[in-house]
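A.B. asks: First the structure, which I've put down as structure tokens, then a few questions once you've had a look.
The values are calculated or read from the model by the stated rules, or taken from the named source; none is laboratory data. The shown structure was predicted, so the numbers you read here are calculated from the model rather than taken from an experiment. Note that we place each Cβ from the backbone using ideal geometry, even for glycine, and neighbour counts take in every protein chain shown.
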Amino acid sequence: MQRAVYPGSFDPITNGHLDIIKRAAVMYDELVVAVVTNYSKKPTFSTEERIAMIKKSTKGLNNIRVTNFDGLLVDFAAAEKANIIVKGLRAVSDFEYEFQMALMNKKLRKDIETIFIMTNYKYSYLSSSMVKEVASLGGCIKDLVPDSILQDIKNKFKD
Ligand code: PNS
């Protein structure tokens with residue numbers, strides 16, 4: 001049984017995240033989508049809201065589990081008996097930070113590997129913060145996030 005962890009802030013989940021989830025899910029027996037709670041940037045959506053939106057977006061994918069974690073990612077992965085961390089890689093701007101995190105995680109626990117999946121070109125410049133900015137200014141976010149959570153995001157920025 002090979003289990004992998006896909007961590008992130010998912011504030012909120014985007015179509016870019018969902019694409020990585022679907023592609024990783026076929027590679028492992030179980031993919032644990034892990035929402036970070038002790039995040040330095042204050043999230044717009046609560047942990048519960050972020051988890052609920054991921055669950056809605058991944059309905060029908062049966063080897064996905066959605067949960068939250070705090071503390072070190074490698075400790076969470078080890079507790080879940082997962083020896084793989086999946087990360088999505090977008091434009092070159094992601095590389096430096098992801099490289100640093102992967103090396104630090106490897107230093108902390110050498111039995112856990114970080115695997116990178118290149119983003120679908122359609123989503124290479126898509127980010128949760130961009131989605132939030134567009135939504136907060138009344139722009140159209142269709143095609144950027146799963147249809148099932150469009151209304152949840154619009155509701156958040158209604159006022
Ligand atoms: O979606 P994000 O914001 O790129 O996710 C970042 C995340 C959650 C993967 C990263 O902040 C993380 O792993 N946090 C847990 C704390 C940790 O383990 N830090 C040491 C690794 S450098």
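A.B. asks: So, in segment 49-74, of the ones that are away from the ligand (no atom under 15 Å from the Cβ) and assigned to a strand (DSSP E or B), which residue ends up surrounded by the most Cβ atoms within 10 Å (Cβ to Cβ)?
C.D. replies: Across segment 49-74, the extreme among qualifying residues is I64.
A.B. asks: Is there any pair linking a residue in segment 99-120 that is under 20 Å from R3 (Cβ atoms) and among the polar types (S, T, N, Q) to one that is assigned to a loop (DSSP other than H, G, I, E, B) and at pLDDT 95 or above, with Cβ under 9 Å and at least six apart or on different chains, and which?
C.D. replies: N105/L72; N105/I112
A.B. asks: Give segment 3-21 a look and list any residue that's of a type in the set (S, T, N, Q) and under 8 Å from the mean Cα position of the chain (by Cα), or say none.
C.D. replies: Within segment 3-21, just S9 meets the criteria.
A.B. asks: A further question on this structure: I need the full set of residues from segment 116-148 which are closer than 19 Å to S9 by Cβ, touching a helix residue (DSSP H, G or I) at 6+ places or on another chain (Cβ under 9 Å) and not hydroxyl-bearing (S, T, Y), in order please.
C.D. replies: Matches in segment 116-148: F116, I117, L126, V131, K132, A135, I141, L144, V145, P146.
A.B. asks: I've got another one for you. Would you point out the residue of segment 90-115, among those that are modelled with pLDDT of 95 or more and β-branched (V, I, T), that is surrounded by the fewest Cβ atoms within 10 Å (Cβ to Cβ)?
C.D. replies: By that ranking, first place goes to I115.
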